[in-house]
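J.: Right, I'll just put the structure down here and ask away after.
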Amino acid sequence: MAKMWSLCQSQILTYTSIMINNSNLPKIIISYNRFLDPIFVFYCKHNPELKKSGWNDWIPPSVEEIKERVKNYREEWQKFGDKILKAVCDITGLSFQRDAIDVFVVSGNPRPFSHPIIVKSMYSPFEFVDVIAHEIIHQLFSQNFKKLHQDFFHEMFPKETNVVSNHVIVDAILKYIYLDVLNDEKRLIRNIENSKKHSTSDYSCTWEIVKKVGYKELINQFKDKIKGLRSV
């Protein structure tokens with residue numbers, strides 16, 4: 001896995017993005033990555049840890065099938081993308097620091113990555129938008145590393161695991177997007193149900209915290225913490 005991740009990271013070096021004015025939204029470039037794809041195919045089919053979930057017997061789609069799905073993904077993102085990007089910036093008070101964010105689509109991937117964004121081609125267009133919205137929020141946070149230091153989220157949720165502490169605000173923002181921006185409660189319900197399918201309970205635990213505390217309250221706490229750091 002370490003070698004595969006090293007190769008993935010090397011790919012991003014060829015897609016270095018330029019710093020931009022904070023008032024602009026980044027362009028989301030969705031593409032099939034023919035260089036990364038064979039790496040992920042090999043990993044999925046030969047990793048013993050993935051055998052229980054059926055990846056070893058998985059048959060990858062053809063390149064033509066993937067490219068057709070990428071086309072559908074682009075069309076679906078076009079419907080919602082700018083709304084989502086603007087919403088995450090408006091509600092957090094943060095800005096993207098790059099003019100472009102690449103989304104690499106590969107045949108299969110046990111879980112999406114956010115740095116760089118790499119997703120499997122097996123999502124429906126509907127699901128794809130939700131996954132990218134999630135990863136885009138992680139990207140926004142990482143691009144603002146000067147404001148959100150390494151222990152930022154752990155300090156907010158010191159009793160939680162790293163997975164939970166790193167996802168509470170992400171899910172709070174997603175709930176805001178689903179309910180207040182897209183007015184689509186079905187997306188929220190679908191996301192919460194999918195969190196229960198993970199091998200760990202951390203992701204469903206995150207949604208429980210969002211429900212208990214309230215997504216607007218959590219976002220306010222997040223913004224207040226940023227303001228507090230600025231005044232130090």
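FYI, it's all coordinate maths here, none of it is from the lab. None of these values were measured; they are calculated from a predicted model. Here Cβ is always computed from backbone atoms with ideal geometry, including for glycine, and neighbour counts include all displayed protein chains.
J.: Structure shown: which of Lys79/Lys216; Lys27/Lys227; Lys27/Lys83 lie over 18 Å apart, alpha-carbon to alpha-carbon?
T.: The answer is Lys79/Lys216; Lys27/Lys227.
J.: On to the next question. Please say if region 44-84 is rounded, prolate or oblate, where rounded means a/c under 1.5 for a ≥ b ≥ c the square roots of the C-alpha gyration tensor eigenvalues, and otherwise the choice is prolate for a/b larger than b/c and oblate otherwise? Walk me through the numbers on the way to the answer.
T.: Working: a/c = 5.19, a/b = 2.09, b/c = 2.48.
In terms of gyration-tensor shape, oblate.
J.: While we're looking at this one, here's another question. Let me know the whole percent of all Cα-Cα pairs from region 16-143 that are separated by more than 26 Å.
T.: On the way: 2005 of 8128 pairs.
In whole percent, the long-distance tail amounts to 25.
J.: Taking the alpha-carbon distance from Lys175 and a cut-off under 13 Å, which aspartates and glutamates remain once sequence neighbours fewer than 8 residues away in the same chain are dropped?
T.: List returned: Asp130, Asp184, Glu185, Glu208, Glu217.
J.: Using r as the Cβ-Cβ distance of Ala100 and Glu68, and R0 as 25 Å, what FRET efficiency do you calculate, to the nearest 0.05?
T.: Efficiency for this residue pair is about 0.60.
J.: Specify the inter-centroid distance of region 52-76 and region 106-168, based on alpha-carbon positions, in whole Å.
T.: Value for the Cα centre distance between the two parts: 21 Å.
J.: Using alpha carbons only, what's the Rg to Rh ratio of the chain with Rh from Kirkwood?
T.: Answer for the chain: 0.95.
J.: Using alpha-carbon pairs under 8 Å, 6+ residues apart, how would you state the relative contact order of region 16-143 in percent?
T.: 35
J.: A further question follows. How big is region 152-231 in terms of Cα radius of gyration and Dmax, in angstroms?
T.: Computed over the Cα atoms of region 152-231, radius of gyration and Dmax are 12.9, 41 Å.
J.: Moving on. What is the gain in length, in nm to one decimal, between Lys227 and Phe126 on full extension, counting 0.36 nm per residue of separation less the C-alpha to C-alpha distance?
T.: That pair, Lys227 and Phe126, stretches by 32.8 nm at full extension.
J.: A further question follows. In region 133-232, what trypsin sites (Lys or Arg not before Pro) fall in a loop by DSSP, with at most 10 other Cβ atoms inside 10 Å? Working shown, then result.
T.: Values: sites: Lys146, Lys147, Lys159, Lys175, Lys186, Arg187, Arg190, Lys196, Lys197, Lys211, Lys212, Lys216, Lys223, Lys225, Lys227, Arg230; in loops: Lys146, Lys147, Lys159, Lys196, Lys197.
Of the trypsin sites (Lys or Arg not before Pro), the ones in loops of region 133-232 whose Cβ has at most 10 other Cβ atoms within 10 Å are Lys146, Lys159, Lys196, Lys197.
J.: Next question, about the same structure. Classify region 76-121 from the C-alpha gyration tensor, please: rounded if a/c falls under 1.5, else prolate or oblate depending on whether a/b exceeds b/c. Working shown, then result.
T.: Values: a/c = 2.39, a/b = 1.79, b/c = 1.34.
Prolate, because a/c is 1.5 or more and a/b exceeds b/c.
J.: Given a Förster distance of 25 angstrom, what is the FRET efficiency for Glu49 paired with Glu193, based on the Cβ-Cβ distance and rounded to 0.05? Working shown, then result.
T.: Numbers: r = 25 Å, r/R0 = 0.98.
E between Glu49 and Glu193, to the nearest 0.05, is 0.55.
J.: Quick one: length gained pulling Lys83 to Ser142 fully straight, 0.36 nm per residue minus the C-alpha distance? Don't skip to the answer; put the middle values down first.
T.: Numbers: separation 59, 0.36 × 59 = 21.24 nm, distance 2.04 nm.
Full extension of this stretch gives 19.2 nm more.
J.: Taking amide H positions as placed 1.01 Å from N in the peptide plane, with prolines and chain starts having none, which residues 5 or more places from Val103, or on another chain, fall under 5 Å of its amide H?
T.: Ile29, Ile30, Ser31
J.: Moving to a separate point now. Tell me, what ³J(HN,Hα) does each residue in region 104-120 have, in order and in whole Hz, if you take phi through Karplus 6.51 cos²θ - 1.76 cosθ + 1.60 with θ = phi - 60° and put x for Gly and Pro?
T.: 8, 9, 10, 3, x, 6, x, 8, x, 10, 10, 9, x, 6, 10, 10, 7
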